[in-house]
1. Each residue of the range 358-371 in turn: what ³J(HN,Hα) in whole Hz from Karplus with 6.51, -1.76, 1.60 and θ = phi - 60°, glycine and Pro shown as x?
2. Could you pull out every residue, at least 5 positions away or on a different chain, whose amide H is within less than 5 Å of the one on Ala132? Hs are placed 1.01 Å off N in the peptide plane, and Pro or chain starts have none.
3. Under a 5 Å amide H to amide H cut-off, with H placed in plane at 1.01 Å, what residues pair with Asn125 once short-range neighbours are removed?
4. Counting only chymotrypsin sites (Phe, Trp or Tyr not before Pro) that are in a DSSP loop and have at most 14 other C-beta atoms within 10 Å, tell me the longest site-free stretch of the chain.
5. If you fit an axis through the alpha-carbon atoms of helix 226-252 and take the longest principal axis of the Cα set of the chain, what angle between them do you get, 0 to 90°, nearest 10?
6. In the structure shown, do any of Lys107/Lys346; Lys199/Lys350; Lys63/Lys170; Lys5/Lys199; Lys189/Lys346 have a Cα-Cα gap over 32 Å, and if so which?
7. Calculate one ³J(HN,Hα) per residue across the range 277-291 by plugging θ = phi - 60° into the Karplus curve 6.51 cos²θ - 1.76 cosθ + 1.60, and present them in order as whole Hz with x for glycine and proline.
8. Quick check: the angle from helix 16-27's long axis to the longest principal axis of the chain, C-alpha only, nearest 10 degrees?
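Values in this text are rule-based calculations from the coordinates and carry no lab data. Predicted model, so just to flag it, every value in this text is computed and none were measured. Positions of Cβ are generated from backbone atoms using ideal geometry, with glycine treated the same way; all protein chains shown enter the neighbour counts.
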Amino acid sequence: MTPFKVHLIRSGNVSDEFYDEVASLLRQFPGPMNFVTDANYEKFLLEEDEIQEETTSRSRFFKADEVHYEEMESLQEFHLSKDYSYPREIRVASWESLFGICRRYRKKNKLSPDERIVLLTELNNEHNWFSAADTNGENNFFVHSDQWEFFLDSENRFPVAYLIATGILKKMVFNSYTSLNMAIHHSPKGCISDFCENKREIILKMRTADICSDCMQAINNKGINRDLLSQCFQIMEHIRTQLLFRERFEMLQLPSRIAITPGREPITFIDMGNSQLRLAPLEKAVFILFLKNPEGLYFNRLSEHREQLQEIYMTVGHNLTLANLNNTLDDVTNPMENRLSEIVSKMRNKFSRHVGEEMAEHYAIDGQRGERKKIKLDRSLVVWDDSAYQAE
Ligand SMILES: [Zn+2]
């Protein structure tokens, strides 16, 4: 099968970090889908009159419309018995407006019909779907990138990546809304085709990461390429692993093991499907320094450990000249400078975004003011991936 590009684009409030996280998650799994971000990191905006400010209700917020399914039997009453929290004010765009961004992008960049465009948007949409394919039949999609905390206990990149990969697959199998209507499951069975009218049901299909036998039959009938199917399954499986690990962490409070490899290699979270987190060289050096000093270090006495920090820094693949290296180490170890605190707080953010705030507590450098700062992680969960890193 000829590989094709999947252009990930975004609307106004989707951050650079999130945009990169989604792209790098998807790129971990090579295959015919080739995920690319916009070369200029552009953010596409809607006109203010294209966005409706709405006050929503609980039952409205958790319910997806089935406007495209008028011909079907009416569904069971929609019930939401639990007292879930939800945002009161939401900003809503029409499907036409959202797909309009994709259509203009396609035209402007002269993309072939085979190339996919996926708009990540923080906006709610008129039919309150998590994601949808363009109603005009083009290979355009949008995925809602926000408000996932009301549905799942995970970082937003996981459901978003799931919906991107399975959305592309579903469009290939059921290429029109008419055939999608025929195939969709109104009672959830943990399949990519679950409709999730009750939007809280979405967790089921992500935890199951499966495709039911009816849908597999449809996939076979369409002759969907095996490599594409395998790429999609790998992405689904990765996300499932992440979600289950989070749930287990909630119960057991056991964080993931991490592997530390020399050079510019990212930190690997072994028990989370080997997910990878990249730290800047200096961040990585500070992280390793604190890992190697489990009893903790005083921020204002870091100069006493300058030699050890330098040694570690030499192993993490920086590209500084000796003079710059000295300056950098001076800054970091100078108690009058704020550099160390900045690095530490940046790292905490990165860990939080990667594994969630609660689990991040185990990897962050922390401690009371004026006392030793340390990393809480049980050191038996650290795998030093090279002899260069034998613990002293
Ligand atoms: Zn199915």
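1. These are the phi-based 3J(HN,Hα) values: 5, 6, 4, 4, 6, 9, 6, 8, 8, x, 5, 4, x, 9 Hz.
2. Phe142
3. The answer is Ala93.
4. The longest uninterrupted stretch comes out as 85-297.
5. Roughly 60 degrees, rounded to the nearest 10.
6. Lys107/Lys346; Lys189/Lys346
7. 10, 8, 10, 5, x, 5, 4, 4, 5, 5, 4, 5, 4, 6, 4
8. The answer is roughly 80 degrees.
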